[in-house]
Amino acid sequence: MISKFIEKRMLNMLDEWYSAMSKRKMNHVCTLKEKIDQHLPKIKKNTKLWMRYQLFQARHQLLFENQNGLDSLFDNLYGLEDKMDDELKYYLYFFSGLYEMVKTAPKHAVHHFKKAEQYLAAIHNTFEAAVYIIKPPAPIT
């Protein structure tokens, strides 16, 4: 068990890492990952942080086009789905959708994206939520 202070600090680091990935700040992504990896023993002591780390690790691998071990990682994460809150479920399905797109399985990807959308209300990051805002095209005049 880790203290609430350390848990909050680790959560902030993980969220900063994901934010950097979302914004494609590649150098910052790598620097943050190195810092976070130094704290893995602490992160592993907290189930929620550990699941979040693993989800963001999957996103990191997708960002850097490294699919090694992702099938196994997603299998493990789906095994933990019942322990996830709605925010983590959103990330699980969203990242699974991205992975299916990389594997050229668009029908599977759409299924995962639709599942992720069900958990969108749990996302407090407006940048992340903007992914699902769809505007109809302007009428042709």
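The values are calculated or read from the model by the stated rules, or taken from the named source; none is laboratory data. As the structure is a computational prediction, the values presented were derived from the model and not from experiment. Note that we place each Cβ from the backbone using ideal geometry, even for glycine, and neighbour counts take in every protein chain shown.
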Can you go through 114, 83 and tell me which one is of a type in the set (Lys, Arg) and at pLDDT 95 or above? 83
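Evaluate the following for residue 67: is it more than 22 Å from residue 3 (Cβ to Cβ) and at pLDDT 95 or above?
Numbers: more than 22 Å from residue 3 (Cβ to Cβ): yes; at pLDDT 95 or above: no.
In short, no.
Farther than 25 Å from residue 103 by Cβ, of a type in the set (S, T, N, Q) and touching a helix residue (DSSP H, G or I) at 6+ places or on another chain (Cβ under 9 Å): does that describe residue 46?
yes
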Look at the stretch 82-109 and say how many of its residues are closer than 17 Å to residue 59 by Cα and assigned to a helix (DSSP H, G or I). 17
